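Notes follow the structure.
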Amino acid sequence: MKELESFKDFVLENHFNIYDVAIKTEDREEYLQIRKCNLFNDCFSVTKLMTVTAIGILADRNLLTTDDPIMKYLGSESKGYDRAYDAAWDKVTIKNAMMHSMGIEQGVIDIDRDDTAAYPTDDYLKMIIDNPPTMEPGSKRVYTDVPHYLLSRVVTAVTGMKADEFLQQELLDPLRCRNVAFSRCPKGYTIGSSGAFMRTEDMVKIAWLYMNDGVWEGRRILSEDFVREAEANRYDIYPIENSSFVGKAGMNAQNVIYSREKGVALAFHGSETKDVGTIEQYLVSLF
């Protein structure tokens, strides 16, 4: 617990608004609340890594490949809209989506920042399709919430289940996560890019799963090949500068972090808009 206590002291001394922190190693699981907070908090873009995990599970089962065109699964519905369908979409692969390199220049949906009641339609897929790629897919990374909404819809197209239902069955229940909730669009599809709510001591389990190459307590949930592919291609897993750690951050200081070299997984929730990199660097420096 000494590392978490040191982290708490650092947070309070610098007046950072970090709620809580959790650690998992081979022989210990620890949780520390730093400020009074809800038991379950918004993971924001950490949600994207869960959506990527759902795609990985399907790829492991040979139900799709990451090189598949994304419209292989969404095309029939997308081409049914009144506006002319832009063939630029046909070049976009699932891998492009996971790499934020679909060729789009801007986000169309952002449930965390937008007034979604002001959207011109309650059909988020239509909004996205009406804003086709303007660059060659794979040529440039542009971070938006659009890809993971589409990936969520791919999960539904393949399984017949909403993405959060699939994740509950195939990921969260095996990890023994408690009372996880997900945001959905007006049509009832999982947002996929944000809007998962969970306990920090459960969120850290996702980092632990990736650190252990897809195995949780002896049970394989995700293939090592997909984990390493996700890390190599930065499917919402990014290296933390000057450390052996990698992880995924969400808006307002939500993080899952892990290091195979150190044998540790970490997670925290918060509502901090400044110096998040400093907070992250301090935490990993304790190990």
Open item on the list: Sort 103-110, 92-99, 136-143 by the packing proxy (mean of other Cβ within 10 Å over each peptide's residues), most packed first.
Closed with: 92-99, 103-110, 136-143
Open item on the list: Spelling out what I want: for every residue of the stretch 241-257, take phi, set θ = phi - 60°, compute 6.51 cos²θ - 1.76 cosθ + 1.60 (Karplus), and round to whole Hz; glycine and proline get x.
Closed with: 3, 6, 7, 8, 8, 10, x, 10, 9, x, 3, 6, 6, 10, 9, 10, 9
Open item on the list: Cα atoms only: what Rg and Dmax, in Å, come out for the chain?
Closed with: 18.7, 60
Open item on the list: Among Tyr124, Val92, Leu64, which residue has its Cα furthest toward the positive end of the charge dipole of the stretch 57-169, with +1 on Lys/Arg Cβ and -1 on Asp/Glu Cβ?
Closed with: Leu64
Task: Least to most buried among Leu167, Leu209, Leu266 (fewest other Cβ within 10 Å first) - done: Leu209, Leu167, Leu266
Open item on the list: What does the net charge come to around His15 if you take all other residues with beta carbon closer than 11 Å to its beta carbon, with K and R at +1 and D and E at -1?
Closed with: -1
- [ ] Could you size up the charge dipole of the chain around its Cα centre, putting +1 on the beta carbon of Lys and Arg and -1 on that of Asp and Glu, and report it in debye to the nearest 20?
- [x] 300
Task: Using alpha-carbon coordinates, inclination of helix 224-233 to the longest axis of the chain, degrees - done: 80
Open item on the list: How tilted is helix 146-159 with respect to the longest principal axis of the chain? Cα atoms for both, answer in degrees (0 to 90, nearest 10).
Closed with: 80
TODO: Note the angle between two axes, namely the Cα long axis of helix 46-60 and the longest principal axis of the Cα atoms of the chain, as a number of degrees from 0 to 90, rounded to the nearest 10.
DONE: 60
Open item on the list: Net charge within 12 Å of Ala249 by Cβ-Cβ distance, Lys/Arg positive one each and Asp/Glu negative one each, not counting Ala249 itself?
Closed with: -1
- [ ] Output the relative contact order of the chain, whole-number percent, from Cα pairs under 8 angstrom with separation of 6+ residues.
- [x] 26
Open item on the list: Can you compute the charge dipole magnitude of the stretch 40-198 about its Cα centre, using +1 on each Lys and Arg Cβ and -1 on each Asp and Glu Cβ, nothing else charged? Give it in debye, rounded to the nearest 20.
Closed with: 320
- [ ] Evaluate E = 1/(1 + (r/R0)^6) for Val142 and Ser285, where r is the Cβ-Cβ distance and R0 equals 30 Å; express this FRET efficiency to the nearest 0.05.
- [x] 0.45
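Computed from the coordinates by the stated procedures, all read-outs in this text should not be read as laboratory data. A quick note: this is a predicted structure, and the numbers were derived from the prediction, not measured. We place every Cβ from the backbone using ideal geometry, glycine too, and count neighbours over all the protein chains shown.
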